[in-house]
Amino acid sequence: MKLVGIAGSVADKSYNRILLKYMATHFSDLADIEMLDIKDVPLFNESDDQTESDAIQYLKRKIESADGVIIATPEHNHTTTASLKSVIEWLSYKIHPLDGKPIMIVGASYYDQGSSRAQLNLRQILEAPGVNAVVLPGNEFLLGEVKNAFDENDNLKDAGTVNFLQSTLQKFVKFVTVINTMKHPQDTGAESEDLGATGKISTTVEGVDMAAPDWVEQAAEKTHAASGNDYVKLDRGLLTVDQLNAFLNSMPLELTYADSNNQFIYYNKMAPAEKMLAARTPDQAGNPLSMVHPKNPRVIKHVKEVIHALRTGQVPEVSMPVPGNNADKYVVHFYRAMHDEQGNYMGVNEYVQDIMPTVKWYLAKTGQKLEGNPDATTSASVDDAAPAADTTSSASVDDAAPEPAPQAAPATDADSSASIDD
């Protein structure tokens with residue numbers, strides 16, 4: 001696998017550049033990492049268009065030919081560097097080599113926060129419209145107290161840090177494979193996904209307009225559907241319809257069911273639309289998926305890709321953090337394929353949940369903190385708290401160009417006001 005590494009510093013001595021060189025040398029069995037320099041890239045200025053300059057075109061060609069990108073960012077005043085920000089501005093102005101490109105963020109700083117706030121800032125920039133990079137979710141590698149982290153030969157001294165860095169890179173390699181497989185031109189099967197639900201399956205209710213706001217009521221009348229105190233025999237249970245509704249509506253997550261014909265046939269109405277994490281309205285039930293999602297070719301393309309990947313078994317689940325997440329709220333959309341007892345595809349179970357209350361409950365019960373092991377050289381958690389990269393895609397089913405989706409940042413302290421150097 002071919003990767004390129006970019007250190008967000010123009011300083012003569014950069015620990016972030018040393019970190020990337022260490023990765024390139026010591027993990028060459030995982031990927032071929034080529035270092036790219038940004039020293040010659042001019043400050044971004046719309047009035048002085050340098051898009052066609054050698055320095056910018058060189059970066060463009062290298063990034064486009066690579067399978068993925070690793071960016072190592074210092075932290076300057078709680079943000080990434082001006083030089084790196086300027087590079088990304090050029091690469092999202094008239095040219096867009098980062099669009100859809102898998103990216104892994106790492107970082108080092110003098111203080112024990114390990115550039116956590118700069119990484120959060122960089123993630124927001126990379127996921128902004130116009131940049132549209134696909135950033136590896138979670139798996140933050142934060143190298144703190146960097147002056148003491150390397151030996152005289154620029155090798156990382158702490159074995160735990162080396163092992164965590166290696167495992168993070170392994171996950172990124174899997175992530176790159178998944179993302180590039182889903183967008184590769186040879187995967188033309190996704191185009192066959194009929195989001196208009198014009199086909200017919202055994203459970204299709206014919207003779208009822210899918211766009212009708214009262215589709216549920218019309219379809220129920222036509223099929224003589226059970227309701228109220230009528231019993232429904234389930235796999236391992238017997239409930240009345242009223243009990244089943246109460247049970248589903250009390251779930252601590254929002255559920256949506258789109259059948260194998262790509263018709264949106266159910267959601268658990270646990271709250272009014274304006275109070276839901278992903279707003280649904282009663283009149284949407286019955287709609288084909290083409291009516292549920294924005295009329296945007298890029299969005300539709302990714303909807304088809306995700307559904308096709310689930311339908312064909314390429315991945316069992318796709319998960320995506322939504323825009324606007326922070327340390328107090330972390331909403332994730334999960335899309336899981338459903339099958340009958342014979343293994344036949346039955347549609348998509350989408351569930352939406354704010355996982356932060358669960359994370360905070362767990363931390364309170366165990367006494368742990370988000371910054372992980374305080375004795376380790378890196379403040380990144382040694383445990384793998386994120387979903388496996390080979391079953392996770394940050395491609396959005398609702399929006400192919402999401403607003404920034406920042407990760408929950410580790411707690412900060414008063415001493416780590418950001419490294420002026422890197």
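Got a number for carbon plus sulfur as a percent of the range 106-210's accessible area, 1.4 Å probe? Walk me through the numbers before you get to the answer.
Numbers: 2060 of 4420 Å².
So the carbon and sulfur contribution to the accessible surface is 47 percent.
May I ask you to order 115-124, 227-236 by the average number of other C-beta atoms within 10 Å around their residues, highest value first? Let's see the in-between values first.
Working: 115-124: 25.9, 227-236: 9.3.
Highest to lowest by the protection proxy: 115-124, 227-236.
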- [ ] Please give the contour-minus-distance gain from Ala364 to Asn155: 0.36 nm per residue of separation, less the Cα-Cα distance, rounded to one decimal in nm.
- [x] 71.6 nm
Open item on the list: Give me, ordered by chain and number, the residues 5 or more places off Leu370 or on other chains with an amide H under 5 Å from its own placed amide H.
Closed with: Ala411
- [ ] Taking the dipole about the Cα centre of the range 16-69, with the C-beta of Lys and Arg at +1 and of Asp and Glu at -1, give me whichever of Ala24, Ser53, Gly68 is farthest to the positive side.
- [x] Ala24
Open item on the list: Sort 306-316, 323-333, 140-150 by the packing proxy (mean of other Cβ within 10 Å over each peptide's residues), most packed first.
Closed with: 140-150, 306-316, 323-333
Open item on the list: Need the C-alpha centroid separation for the range 105-177 versus the range 316-360, integer Å.
Closed with: 25
Open item on the list: Expected output is a single nm value to one decimal: the length gained when fully extending between Asn163 and Lys275, i.e. 0.36 nm times separation in residues minus the C-alpha distance. What is it?
Closed with: 36.0 nm
Task: Karplus-derived HN-Hα couplings along the range 270-284 (A = 6.51, B = -1.76, C = 1.60, θ = phi - 60°), whole Hz, x at Gly and Pro - done: 8, 6, x, 3, 5, 10, 7, 5, 10, 4, 10, 10, x, 6, 7
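Using +1 on the beta carbon of Lys and Arg, -1 on that of Asp and Glu, and nothing else charged, what's the dipole of the chain about the Cα centre, debye to 20? Don't skip to the end; give the middle numbers.
Values: 35 positive and 59 negative charges, 60 e Å.
In total the dipole reaches around 280 debye.
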Task: Accessible heavy-atom area order of Tyr110, Tyr362, highest first, probe of 1.4 Å - done: Tyr362, Tyr110
Task: Phi to ³J(HN,Hα) by Karplus 6.51 cos²θ - 1.76 cosθ + 1.60 over the range 307-318, Hz, x for Gly, Pro - done: 4, 5, 4, 6, 4, 8, x, 4, 9, x, 7, 10
- [ ] Name the residues whose placed amide hydrogens come within less than 5 Å of the amide hydrogen of Ile70, ignoring near sequence neighbours (fewer than 5 apart) on the same chain.
- [x] Val4, Gly5, Ile6, Met104
Task: For the range 58-75, Karplus couplings with θ = phi - 60° (6.51, -1.76, 1.60), whole Hz, Gly/Pro x - done: 4, 4, 4, 5, 5, 5, 5, 7, 8, 6, x, 10, 10, 10, 9, 10, x, 10
Open item on the list: For the range 2-183, what are Rg and Dmax over the alpha carbons, in angstrom?
Closed with: 15.4, 49
- [ ] Find the relative contact order for the chain and round it to a whole percent, using C-alpha pairs within less than 8 Å whose residues are 6+ positions apart.
- [x] 19
Task: Listed residues Tyr266, Tyr15 arranged by accessible area, highest first, probe 1.4 Å - done: Tyr266, Tyr15
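The values are calculated or read from the model by the stated rules, or taken from the named source; none is laboratory data. Just so you know, these numbers come straight off a predicted model, no measurement behind them. Cβ atoms come from the backbone with ideal geometry, glycine included; neighbour counts cover every protein chain shown. Protein only, heavy atoms only, side chains kept; ligands, DNA and RNA dropped before computing areas. Shrake-Rupley method; radii C 1.70, N 1.55, O 1.52, S 1.80 Å.
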